[in-house]
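First comes the structure, then the notes that go with it.
Please treat every number below as a calculation from the coordinates, not as lab data. All figures in this text were calculated on a predicted structure; none of them were measured in a lab. Cβ placement follows ideal geometry from the backbone for every residue including glycine, while neighbour counts extend to all protein chains displayed.
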Amino acid sequence: MSIIDKPSDYFNTILYTGNGSTQSITGVGFQPDWVWIKGRSVAYSHILHDSVRTATKELKSNSTGAEGTDANGLTSFNSDGFSLGTGGAVNNNGTTYSSWNWKAGTSFTNDASATGIGTIDSTGSVNTDAGFSIISYTGNATAGATVAHGLGVKPSFYILKSRNTANTWYTYHKNVGATKTVPLNTTDGELSTSYANSTEPTSSVFSLGSAAAFNGSGDTFIAYCFAEKQGYSKFGSYTGNGNADGPFVYTGFKPSWLSLKRTDSTSQWKILDNKRLGYNPSNSDLYADSSEVENTVTQIDFLSNGFKIKHSSTALNASGGTYIYMAFAEQPFTTSTTNGSIPATAR
């Protein structure tokens, strides 16, 4: 497996301050296809935009709400970032924001009847190098329906949401499996579900049950799919030990972005990144399931090859508690031999 030497070619966190007027946010380093924005200093909802649904269409990770359109929110995806209108949720004057940006970039279309891959047509944007795809499909209410994801390998994690109806954000995580889900918009632990028809995804498709929330007849859906890539992304789990000298989790890279969620009990979906002040060990966190402002507590060290829990909080480290994580890299622990082995350094 090849190592991604420069993770910032595919993912980057950009911080900015709203000005209440139109502005362009630059410094991403690529044209993003998925932009996730959260107000740090004001309790605004998480606003998610992608190039497949088009720029002005938004969903909120802390809400079951259907897709909305905001002509004054994010207005375009640009070569080095994105442009904003005067919308308060993403550009309120004086409010500080985090934006998390992923690159897909290659147009994807699958005619299921023509290719024999899946049973439902799908379109979207794919980056097989980074293991990321944004997939749009229309439901048919048939249990066992399958949708092509374009990754070429089995996804380790994906998020699925109805666009035109108010329904839960469903997730698949390889360590939870296809018979259960951990909803993104709630604090629930893992729940039994039929959304994936109790069927693991394959290298070509993910499966659906028949319920309206994820396969309603004629309803439209969006899925964000991820496969692990060495030196760039990691999706795994750990068990808590209940004390401040918590577990070390090896990722094989220095993290730039990390989300954690307890699965055997209720807790919030924590999101941390390497750009906001206060890391090692006082990280600032936001919560995918809540509009809460940024919170700073002593909790996690980002290290050269993974992360270490530094708090006994039950949301991070209950004794015997089980947790899943999603991580993206700042720098691989060692780069490829093609470009010379350059070890990452701890903070």
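Take the Cα radius of gyration of the chain and divide it by 2.2 N^0.38 Å, N being the number of residues; the result is 0.94. For the pair PHE248 and LYS154, label points projected 7 Å from Cα toward Cβ lie 2.9 nm apart.
Treat every Asp and Glu Cβ in the chain as -1 and every Lys and Arg Cβ as +1, leave all other atoms uncharged, and give the resulting dipole magnitude about the Cα centre to the nearest 20 debye. Before the final figure, lay out each step's value.
Details: 23 positive and 25 negative charges, 93 e Å.
That gives a dipole near 440 debye.
Projecting the Cα atoms of ASN167, THR86, THR17 onto the charge dipole of the chain (Cβ charges, centred on the Cα centre) puts THR17 farthest toward the positive pole.
To the nearest 0.05, what FRET efficiency results for ALA143 and ASP188 with a Förster distance of 25 Å applied to their C-beta separation?
Numbers: r = 23 Å, r/R0 = 0.93.
Efficiency for this residue pair is about 0.60.
Under a 5 Å amide H cut-off, with hydrogens placed 1.01 Å from N, ALA329 pairs with SER256 among residues at least 5 apart or on other chains. Only one residue of GLN299, VAL249, ASN317 has its Cα farthest out toward the positive end of the dipole of the stretch 236-333, where Lys and Arg carry +1 and Asp and Glu -1 on Cβ, and that residue is VAL249.
Please check which bits of the stretch 44-87 a label hung off ASN164 would reach, taking the label as a point 7 Å along Cα-to-C-beta and the cut-off as backbone N under 19 Å. Output list for this probe position: 50, 52-60, 64-70.
Below 8 Å, C-alpha to C-alpha, sequence gap of six or more: please give me the relative contact order for the chain in percent. Can you show the working numbers first?
Working: 1093 pairs, mean separation 60.3, N = 347.
That works out to 17 percent.
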